[in-house]
């Protein structure tokens, strides 16, 4: 497999794990289980920090741009994926607002948060499915070895905006905090 695609698949796996935790824990809340609201805050922060600031820009600027140059058939698909990326931060803000309303308004706002989280996860999973099942096969067909070499070099030089930003915004540390805050079977249920 091409190294850039392998890197994107691995990043998708990390994002998918966090999305699974979000959906699972939101469903627990919907069934009346007590879940520490901090785990949802960490999940949303992770989704804002890693995919929105690092993963999506890398896809847009390096892979999508090159595929668009090589494949007319991919243009509409790339337009749709880039549009979803552009709306990503707003989707997270809306989910954060639903969380805040639940946290502040209590039980009367709980179901709205659960629904918002469930819908968010479904949209996000569909987005990643479209990238993996529809766009990446086109990329494999359309891009030349030189294209892949340039994309790989771009990935290597793509600076993580969080690098050196400190422990609070390091994606690995955020993921670890989610695992510690989330109750079993998703996490350890032991705050760090």
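Tabulated data
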read-out: Within segment 29-139, helices (runs of 4 or more DSSP H) holding 1 or more residues that are in contact (Cβ under 8 Å) with a residue 60 or more places away in the chain and in contact with a strand residue (DSSP E or B) (Cβ under 7 Å, 6 or more places away or on another chain); value: none
read-out: Residues that are out of contact with any helix residue (DSSP H, G or I) (no Cβ under 7 Å at 6 or more places or on another chain) and under 23 Å from residue 98 (Cβ atoms), drawn from segment 42-74; value: 53
read-out: Hits in segment 1-16 - residues which are assigned to a helix (DSSP H, G or I) and touching a residue at least 24 places away in the same chain (Cβ under 8 Å); value: 3, 4, 5, 7, 8, 9, 11, 12, 14, 15, 16
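Results for (1) at pLDDT below 95; (2) within 14 Å of the chain's Cα centre (by Cα); (3) surrounded by 18 or more Cβ atoms within 10 Å (Cβ to Cβ), shown as yes or no for each residue.
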| position | (1), (2), (3) |
| --- | --- |
| 90 | no, yes, no |
| 96 | no, no, no |
| 99 | no, no, yes |
| 114 | no, no, yes |
| 117 | no, yes, yes |
| 121 | no, yes, yes |
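The values are calculated or read from the model by the stated rules, or taken from the named source; none is laboratory data. Remember, predicted model here, so these are calculated numbers, not experimental data. Using ideal geometry, Cβ is built from the backbone for each residue, glycine included, and neighbour counts are taken over all protein chains shown.
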